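The values are calculated or read from the model by the stated rules, or taken from the named source; none is laboratory data. Note that this is a predicted model, so its numbers are computed, not measured. As a convention, Cβ positions derive from the backbone with ideal geometry for all residues, glycine included, and neighbour counts pool all protein chains shown. SASA here: full protein model, heavy atoms, side chains in, ligands and nucleic acids out. Shrake-Rupley method; radii C 1.70, N 1.55, O 1.52, S 1.80 Å.
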Amino acid sequence: MEVLLHQIDAFADAPFSGNPAAVMPLPTWLPDTLLQQLAEENNLAETAFYTSQLPSEAGGPPGEWPAFHLRWFTPAVEVDMCGHATLASAAQVISDIHPEHDRVSFYTRSGWLHVDRTDDDEYVLNLPALASVQVDPDPALVAALGVTPVRAYTGQDEIVVVADEDEVRSATPDFGAFPQLSRGAVLTAPGRSSDFVSRFFGPGVGVPEDPVTGSAHAQLVPLWARELGRSTLTARQLSRRGGTLRGELADNRVLLLGRCRRYLDGVVTLPD
């Protein structure tokens, strides 16, 4: 059996930037153990698998545009939400399969997610806005990050706010000392050329540092929108590759806008 493999950089301003995702369209679902092996072999932060077969709980397509069932795997686990691999999957669907459409929807563990293509060939990812609850900083996490926290929040991810962009950029986490987290930790601060900056660390789910984390901004955009008193924000993720996002808080949704750049197309031959 042969399966297509597309590697696409999401939230990419230029070649070799943004977050690379593997996108693998499937005619039907393969065993979960094989999906996990493929994600481990691809060795990217996420591999996205999708099929046109919608599960019964999806309740049918949400509109007259293309709709698919989408799942995401890190090299270690299946995850509940992934922004950049959803953006990459939408770019592949619209470019290769449905160029006549400017919207694609995916049924996922986080419900229906929608991506729209703009007239400028950018993509807008529509995610649920995620809440943050302020907590006392976790001493073990702070020690592992090696930073001085200003405040901390919990939610989908553990968020540690520090004083400035330089502290986010220069942090050298000790991944071996990370406490057990439900997903990951975000280090964030006000930005100089953007409204805020961040870095994402998820060693417990097989992603020591993620280049650009769309799903984390479903929590970060509402937090910084409340902090700055504005609904439209610019964000920069300060990984080695780096990536830029433009976010908008619209009621209970977060809209993230970015570009996608295709790196490769290939074919994977699976064992019988």
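For the stretch 187-200, the Karplus equation 6.51 cos²θ - 1.76 cosθ + 1.60, evaluated at θ = phi - 60°, returns couplings of 9, 8, 6, x, x, 8, 9, 9, 5, 8, 10, 7, 9, 10 Hz by residue, with Gly and Pro reported as x. Any idea what log10 I(q)/I(0) is at q = 0.13, 0.14, 0.18, 0.23 Å⁻¹ for the stretch 133-250, Debye with uniform C-alpha scatterers and no solvent? Relative scattering, expressed as log10 I(q)/I(0), comes to -0.43, -0.50, -0.86, -1.47.
Label zone of Phe16 (point 7 Å out along Cα→Cβ, amide N under 16 Å): in the stretch 89-130 this covers no residue at all. Evaluating 6.51 cos²θ - 1.76 cosθ + 1.60 at θ = phi - 60° for every residue in the stretch 159-176, the Karplus couplings come out as 10, 10, 9, 10, 5, 8, 4, 4, 5, 5, 5, 8, 4, 10, x, 9, 5, x Hz, glycine and proline recorded as x. Here the chain has 49 percent of its accessible surface on carbon and sulfur atoms, given a 1.4 Å probe and all protein chains in place. Peptide packing: for 38-49, 257-268, the average count of neighbouring Cβ atoms within 10 Å per residue gives the ranking 38-49, 257-268, highest mean first. Whole-Hz Karplus values for the stretch 98-109 come out as 10, x, 7, 10, 10, 9, 9, 10, 10, 8, 9, 4 Hz, taken residue by residue from phi with 6.51 cos²θ - 1.76 cosθ + 1.60 and θ = phi - 60°; glycine and proline positions read x. Legend: calculated FRET efficiency, Trp112 to Ser182, from the Cβ-Cβ distance at R0 = 25 Å, rounded to 0.05, equals 0.60.
With a cap of 14 neighbouring Cβ atoms within 10 Å, and only residues DSSP puts in a loop, list the trypsin sites (Lys or Arg not before Pro) found in the stretch 91-177. Filter output for the stretch 91-177: Arg109. Of the peptides 135-145, 89-99, the order by per-residue mean of other Cβ atoms within 10 Å, starting with the highest, comes out as 89-99, 135-145. The residue list Val254, Ser239, Thr213 was ranked by how far each Cα lies along the charge dipole of the stretch 189-272 toward its positive end, using unit charges on Cβ atoms, and Ser239 comes out on top.
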